[in-house]
Each structure stands twice: as structure tokens, then as C-alpha cells.
Amino acid sequence: MISTSWLKKSELFEALEEHQLNALISHAKIESLPEGKTIFHEGEKATHLYVLIEGAVDLSVATQEQIGFMSSKIQKEGETFGIPSLLEPFRYNVTAKCLFPSKLLIIRSDYLREKMEEDPRMGLLIMRKLASIYFHRLNDLRKGVISFFKGVPPKKQ
């Protein structure tokens, strides 16, 4: 069982109050998944938000070249993924796959969106944090792409 104090340490829900955290926990489930298990595929309808309890998850974007630099890892306890489940058009923009046996807290996104509408302060706090998470992940991705291309020799003409 996950406690409100644990959920408060997670990256997305750290600003929420006890009663808000209790509402989320009461409608969440914990699932243990084996190494190699695909949690969701890019393009699928986004129905759940995930918080890593333990393990590691790879988030990858399909590319024609399949070179692998369009990938990031969720490996810190409390990290959130499946964020498109809170943003229109509610489709996952990556494929999530367990790198190791992993334990996840899973929250139905329709329930979470409903709670965010009922409690606008909760919604504002979550959306602020969501924007911050996306901003930092975008910057990390940019750094990875720049690093990748620095190692690629220029084409000779």
C-alpha cells in the first residue's frame, strides 16, 4: 500500500494536500510488471497515469532509423509517465516498456481529470508541475540530440 507521504514525494503530486492525495490513492492500484513488458504503445488511447515505485521504464519514440536516441528512462522512485493521459488528444506519445521488473502506481486518468475539474486548485497545482516536468524532459532530450549529433562526422561533399 502506498501512503500519502510517499505520494507527496512524487514529482507530480508534491504540492497536493493530504485529502487530495487520499482521493488519488483511493482510486489507484499497484501493479508489478516483468522485465520486457510493454505498458503502452505510442498512439494508443491514453487512459492511465503511472508513477514509478521501483524498477525502470524506457520511453521511446518510433523512428524510421530505429537508432535509439529518441528514448528516455524513468528510473527514479516517484517519477511520472503517461502524462498525455491528462492532455488532449489523450494519446500516448511514446511507447513505455519495463527495463527491469517494475512496480507502478496506476491512476485512471478520467478519474484524475474529474478531480482536477472539481478542485481547481488541485488542477492548477498538477498542471503547473506537469508543465515543469515536460519542460525539463524536453531540455534533456535536446541535450541528448545535440550530444548525438556532435559524435556524427559531417558528410563529405
*Which of the following residues is in contact (Cβ under 8 Å) with a residue 12 or more places away in the chain and surrounded by 13 or more Cβ atoms within 10 Å (Cβ to Cβ): Glu31, Glu18?*
Glu31
_Residues of the stretch 90-117 that turn out to be surrounded by 21 or more Cβ atoms within 10 Å (Cβ to Cβ) and of a type in the set (Phe, Trp, Tyr), as a count_ = 1
*Kindly provide the set of residues from the stretch 107-155 that are part of a helix (DSSP H, G or I), without any contact (Cβ under 8 Å) to a residue 60 or more places away in the chain and over 21 Å from Tyr92 (Cα atoms), ordered by number.*
Glu117, Glu118, Pro120, Arg121, Leu124, Lys143, Ile146, Ser147, Phe149, Lys150
_Which numbered condition Phe69 misses (of (1) farther than 30 Å from Gly151 by Cα; (2) modelled with pLDDT under 95; (3) surrounded by 14 or more Cβ atoms within 10 Å (Cβ to Cβ))_ = (1)
*Please find, within the stretch 118-140, the residue that is surrounded by the most Cβ atoms within 10 Å (Cβ to Cβ) out of those that are in contact with a Phe, Trp or Tyr (Cβ under 9 Å, 6 or more places away or on another chain) and not basic (Lys, Arg).*
Ile126
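Rundown of residues vs (1) under 17 Å from the mean Cα position of the chain (by Cα); (2) surrounded by fewer than 16 Cβ atoms within 10 Å (Cβ to Cβ); (3) more than 13 Å from Leu105 (Cα to Cα), yes/no style:
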position: Thr4; (1), (2), (3): no, no, no
position: Gly36; (1), (2), (3): no, yes, yes
position: Thr47; (1), (2), (3): yes, yes, yes
position: Glu54; (1), (2), (3): yes, yes, no
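The values are calculated or read from the model by the stated rules, or taken from the named source; none is laboratory data. Nothing here was measured: the structure is a model prediction, and the numbers come from that model. Positions of Cβ are backbone-derived with ideal geometry, glycine not excepted, and every protein chain shown enters the neighbour counts.
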